[in-house]
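Asker: Sharing a structure, written as structure tokens. Questions coming.
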Amino acid sequence: MSLLSIRDLRTEFSGPAGIARAVDGVSFDVEPGEIFGIVGESGCGKSATCRSILHLFGGAPARIAGGQILLEGTGDIARMTERDLSRVRGREVAFIFQDPLTALNPTMRIGKQIAEVIRCHRKVSKTEARAAALDLLREVQVTSPERRLDAYPHELSGGLRQRVVIAMALALRPRLIIADEPTTALDVTVQDQILRLLRERRDSTGTSIILVTHDLGVVSQICDRMAVMYAGRVVETGSVRQVLDTPSHPYTRALLAALPGQTGRERDLTPIEGSPPGLISPPPGCRFAPRCRFARPECAVGQPPALHPRGETAHLDACILTEVPDVLA
Amino acid sequence: MSLLEFQGVERRFPVRRGLLDALLRREHVWLHAVRGVDLAVRPGEILGIVGESGCGKSTLARIGIGLQPADAGAVIFDGAPLNGPDPKGRLQMVFQDPYSSLNPRMTIGAQLEEVVAHYRPGLTRAERQGRVARMLDEVGLVQETAQKFPHALSGGQRQRVSIARALCPDPQVLIADEPVSALDASVQAQIINLLRRLNREKGLTIVFISHDMNVVRYLCDRVAVMYLGEVVELNDSAALFAEPRHPYTRALIGAVPDVHHPHREGLPVRGEIPDPFAVLQGCRFAPRCPLAETACHRPQSLDALASGGAVRCWKAVSGTLS
């Protein structure tokens, strides 16, 4: 049984120009103890998908318009009221945001903020909560943790702040942590430290992690399985090695071919021409078809194609072509 | 022979730390953003400057086109010291965020025409428009773009406009400060190809400032690595990535996540870039360096290596780096 099963999730944002279907029929499972990566470019719906899990839309005019978010033993989160959600947030599923400075209260000492998370959900004394906060700072390998308890967020570096946010996420021993671009604002040497920390925490606590990122390299480093999103839909999913080393969907292939690390200096990079479609009235058929080098007339009609196995089991993609030529060839 | 040369360039910023310090008229604290940078840009090359946040690479870029003065040292452009922006516009810059560097209330055509008119006051309106049309064509934008406002363009198109604007005065050197960092990978590739083409076909010299090691490795001929205001290593791109000498360069390359090789060797570097106010004697990377020893706390110079390139690490120079 999967820890989390998302089935045909649809999330809409309403605006003056109409309703944008940011998440339009997304399905995937997250297994216990697994790190699941969701990748895609800006506007593909990766953040909207993971924010939908806890209904964290930050006041944006968004609503879950359909589908199910099944958390093992808890039921369908998609239909929960705010009251029920408050028992899931933090305790069952925790969230780590991209920018740790905005996720922390600038007027409150670190120790008190972590303790507050604990005291909101458990009946413990202030002293016990502070001791627990200290343990959590040690757990996320903060140096001289006793001193940091009394620091304010602005006194910490970006990497230390993100460690504090991770400590708060771990505080209630959630079964699932959703991390939305947790290392994007950090320098690469610090990113490396934070990724190692996340994996190490998964190994020792057995928590599952959903990692949302635009960086395929980050997914390759720490994820077990992954989904590639494009224009509100999952276009390919499988193990990280299946998807990155033998990608099958033309979009995944094009995305990998566009990376500078994959091409010798003597040849030009292979960009994807054009831009992603608008989500208010997306084109019929496969949404990548207008930019796809291999598109045929049948690609651009009807409903968007569903995910189906490609060769190996558990490696699925949403391309109707039976043979996709090598992009670089 | 170099086209643009930094000679012992220093830049420090006065920082008052708080209201109390100001009231008590305490001395400024100095943030040393760039310290003693010697760097020569060769004509026709793409020189990469890499480093993490706060290493001084953007400050160096602004000094390089004369937007900011150096506190000490000099910038020599085309044989003469540079004092402020070049009046002929031979040095141009492209910034990271194309949206904030374009005027939201002017059409693209009008903005570009203004630049042409500034550098070539004698041209007629039709001649200016003709030049704008050629610039748009040069960067791969359709002519209708001239009638549009910045908000109607995508991020990639805006960055093309920024490059077109920089090309208007026919520059010899383009300094690009993180020009692709705000763009998605598929669009990033378009801009990188464009820069390569401008370099190859027009002989445009490019100083490319970035934190992205993969982009730098692919695009640049030579690379300078900066750490806390200093150049710590300089070499041909291929040699630098194949055999990084400075422990910081090694750490930086080692920390880049690779799409196909998930398991890397080596230990992560400790900690983060330290407080830039802290006065450090000797090697500024030593507090984080896994190979540091006592002798690293004496001043380090950027020394040329027999095998090519230069490195600011006595252990790398003496060959005692394990």
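The values are calculated or read from the model by the stated rules, or taken from the named source; none is laboratory data. Because the structure is a prediction, the values reported are computed rather than measured. No Cβ is skipped: glycine too gets one built from the backbone with ideal geometry, and neighbour counts run over all protein chains shown. Note: areas computed on protein heavy atoms with side chains; ligands, DNA, RNA excluded. Shrake-Rupley method; radii C 1.70, N 1.55, O 1.52, S 1.80 Å.
Asker: Given a 1.4 angstrom probe, I'd like the percentage of the accessible area of the stretch A:246-317 that is carbon and sulfur, rounded to a whole number. Numbers along the way, then the final one.
Answerer: Working: 2080 of 3600 Å².
The C+S portion of the solvent-accessible surface of the stretch A:246-317 is 58 percent.
Asker: Of the accessible area of the stretch A:100-173, with the probe set at 1.4 angstrom, what percent is carbon plus sulfur? Could the numbers behind the result be given before it?
Answerer: Values: 1960 of 3750 Å².
Carbon and sulfur together cover 52 percent of it.
Asker: Under 15 Å from the Cβ of A:Leu85, count the other residues' Cβ atoms, weight Lys and Arg +1, Asp and Glu -1, and hand me the total. Could the numbers behind the result be given before it?
Answerer: Details: positive: A:Arg51, A:Arg63, A:Arg79, A:Arg83, A:Arg87, A:Arg89, A:Arg91; negative: A:Asp76, A:Glu82, A:Asp84, A:Glu92.
Charge balance in the 15 Å sphere: +3.
Asker: Obtain the radius of gyration and the Kirkwood radius of the stretch A:52-157 from its C-alpha atoms and give Rg over Rh. Write down the numbers at each step before the final one.
Answerer: Numbers: Rg = 16.3 Å, Rh = 15.8 Å.
Reported Rg/Rh (Cα atoms, Kirkwood Rh): 1.03.
Asker: When ligands, DNA and RNA are left out and all protein chains stay put, how many square angstrom of accessible area per residue does the protein assembly as shown have with a 1.4 Å probe? Walk me through the numbers on the way to the answer.
Answerer: Values: 28290 Å² over 651 residues.
Here the residues of the protein assembly as shown average 43 Å² of exposed surface.
Asker: Loop sites only, by DSSP: take the chymotrypsin sites (Phe, Trp or Tyr not before Pro) in chain A that have at most 16 other C-beta atoms within 10 Å and name the longest stretch containing none of them.
Answerer: Longest gap between qualifying sites, sites excluded: A:58-293.
Asker: What distance in nm lies between label points placed 7 Å from Cα along the C-beta direction at B:Lys202 and B:Thr320?
Answerer: A separation of 5.0 nm, rounded to one decimal place.
Asker: Give the cross-link partners of A:Lys112 among the lysines, using a straight C-alpha distance below 24 Å as the criterion and excluding same-chain residues fewer than 8 apart.
Answerer: Answer for A:Lys112, where 24 Å is the Cα cut-off: A:Lys123, A:Lys126, listed by chain and number.
Asker: Can you compute 3J(HN,Hα) from phi for each residue in the stretch A:116-132, using the Karplus curve 6.51 cos²θ - 1.76 cosθ + 1.60 with θ = phi - 60°, rounded to whole Hz and x for Gly and Pro?
Answerer: 4, 4, 5, 6, 5, 10, 10, 8, 10, 6, 4, 5, 5, 5, 5, 5, 5
Asker: Moving to a separate point now. Keeping the other protein chains in place, figure out the carbon and sulfur percent of the accessible area of the stretch B:155-232, with a 1.4 Å probe.
Answerer: Values: 640 of 1760 Å².
Carbon and sulfur together cover 36 percent of it.
Asker: Need one number: the % of Cα-Cα pairs in the stretch A:219-329 sitting beyond the 26 Å mark. Intermediate values should be presented prior to the final figure.
Answerer: Working: 1056 of 6105 pairs.
Result: 17 percent of Cα pairs exceed 26 Å.
Asker: When chain B is treated as a GNM, springs tying every alpha-carbon pair under 10 Å, which of B:Leu305, B:Leu195, B:Leu60 comes out with the largest mean-square fluctuation?
Answerer: With Cα springs under 10 Å in chain B, the top fluctuation among B:Leu305, B:Leu195, B:Leu60 is at B:Leu305.
Asker: Hey, another quick one. For chain A, take the alpha-carbon Rg, divide it by the Kirkwood Rh, and send me Rg/Rh. Before the final figure, lay out the partial values.
Answerer: Numbers: Rg = 20.8 Å, Rh = 20.9 Å.
Answer for chain A: 0.99.
Asker: Right, here's the next one. First measure r as the distance between the Cβ atoms of A:Arg79 and B:Phe149, then evaluate 1/(1 + (r/R0)^6) with R0 = 35 Å and state the FRET efficiency to the nearest 0.05.
Answerer: 0.20
Asker: Give the residues of the stretch A:176-219 whose amide nitrogen is closer than 16 Å to a point set 7 Å from the Cα of B:His261 in the direction of its Cβ.
Answerer: Residues A:217-218 fall inside that zone.
Asker: Next question, about the same structure. Using only C-alpha positions, report the orientation-averaged shadow area of the convex hull of the stretch A:100-173, nm², one decimal.
Answerer: Numbers: hull surface 17.1 nm².
With every direction weighted equally, the projected area is 4.3 nm².
Asker: Here is a further query. Net charge around A:Gly25, counting only other residues with Cβ within less than 9 Å of its Cβ (Lys, Arg = +1; Asp, Glu = -1)?
Answerer: Details: positive: A:Arg10, A:Arg21, A:Arg233; negative: A:Asp8, A:Asp24.
Residues near A:Gly25 contribute +1 overall.
Asker: At a probe radius of 1.4 Å, what is the per-residue accessible area of B:Trp314, in Å² to the nearest 10?
Answerer: Probe radius 1.4 Å; accessible area of B:Trp314 about 60 Å².
Asker: Right, here's the next one. Using the alpha carbons of the stretch B:91-156, what is the convex hull volume per residue in cubic angstrom, as a whole number? Before the final figure, lay out each step's value.
Answerer: Values: hull volume 6.3 nm³, N = 66.
In the stretch B:91-156, the Cα convex hull volume per residue is 96 Å³.
Asker: Additional query: Translational D (Stokes-Einstein, µm²/s) of the protein assembly as shown at 10 °C and 1.306 mPa s when Rh comes from the Kirkwood sum over C-alpha pairs?
Answerer: On the way: Rh = 26.9 Å.
D = 59 µm²/s.
Asker: Once ligands and nucleic acids are excluded and a 1.4 Å probe is used, how much of A:Glu273 is accessible, expressed in Å² to the nearest 10?
Answerer: Estimated to the nearest 10 Å², A:Glu273 gives 120 Å².
Asker: Taking DSSP loops as anything outside H, G, I, E and B, show the longest stretch in chain A free of trypsin sites (Lys or Arg not before Pro) there with at most 15 other beta carbons within 10 Å. Before the final figure, lay out each step's value.
Answerer: Working: sites that count: A:Arg122, A:Lys123, A:Arg265, A:Arg267, A:Arg293.
So the longest stretch without any such site is A:124-264.
Asker: Under 24 Å between alpha carbons, and skipping anything fewer than 8 positions from B:Lys202 in its own chain: which lysines qualify?
Answerer: B:Lys88
Asker: Per the helix-only calculation at 222 nm, which mean residue ellipticity applies to the protein assembly as shown, given -39500 (n - 2.57) for every DSSP H run of n ≥ 4 and division by its residues, nearest 500 deg cm²/dmol?
Answerer: Numbers: 21 runs with 197 residues, N = 651.
Calculated at 222 nm, the ellipticity per residue is -8500 deg cm²/dmol.
Asker: May I pose another question? Just the number, please: buried accessible area between B and A, total of both chains, 1.4 angstrom probe, nearest 100 square angstrom.
Answerer: 3300
Asker: Moving on to the next point. Looking at the calculated P(r) for chain B, what percent of the C-alpha pair distances fall above 24 Å?
Answerer: Details: 29901 of 51681 pairs.
Roughly 58 percent, once rounded to a whole number.
Asker: Still on this structure, I have one more. Any idea what the relative contact order of chain B is, in percent, if you count C-alpha pairs under 8 Å spaced at least 6 apart?
Answerer: Numbers: 569 pairs, mean separation 62.6, N = 322.
In percent, rounded to a whole number, it is 19.
Asker: Another one. Need the C-alpha centroid separation for the stretch A:263-287 versus the stretch A:1-56, integer Å.
Answerer: 21
Asker: Next question. Mind computing the radius of gyration and Dmax over the alpha-carbon atoms of the stretch B:41-113? Å is fine for both.
Answerer: Cα radius of gyration and Dmax of the stretch B:41-113 are 14.6, 40 Å respectively.
Asker: For B:Leu60, what charge total do you get from the other residues with a beta carbon under 10 Å from its beta carbon, if Lys and Arg give +1 and Asp and Glu give -1? If you can, show how the numbers build up before the last one.
Answerer: On the way: positive: B:Arg11, B:Lys57, B:Arg62; negative: B:Asp177.
Its environment carries a net charge of +2.
Asker: I've got another one for you. Between the chain alone and the structure with every protein chain in place, find the residues of the stretch A:202-246 that drop at least 30 Å² of accessible area; heavy atoms, 1.4 Å probe.
Answerer: Checking the loss per residue gives A:Gly217, A:Ser220, A:Gln221, A:Arg241.
Asker: Can you list the residues in the stretch A:249-266 whose accessible area drops by at least 10 Å² when all protein chains are present, compared with the chain alone? Use a 1.4 Å probe, heavy atoms only.
Answerer: Residues meeting the cut-off: A:Leu255, A:Leu256, A:Ala258, A:Leu259, A:Pro260, A:Gly261, A:Gln262, A:Arg265.
Asker: Rounded to a whole number, what is D in µm²/s for the stretch A:1-127 from Stokes-Einstein with the Kirkwood radius over alpha-carbon pairs (25 °C, 0.890 mPa s)?
Answerer: Details: Rh = 16.4 Å.
Estimated via Stokes-Einstein, D reaches 150 µm²/s.
Asker: Could you name every residue in the stretch B:173-216 that has 30 Å² or more less accessible surface in the full protein assembly than in its own chain alone (probe 1.4 Å, ligands and nucleic acids excluded)?
Answerer: B:Asp184, B:Ala185, B:Ser186, B:Ala189, B:Gln190, B:Asn193, B:Arg196, B:Asn214
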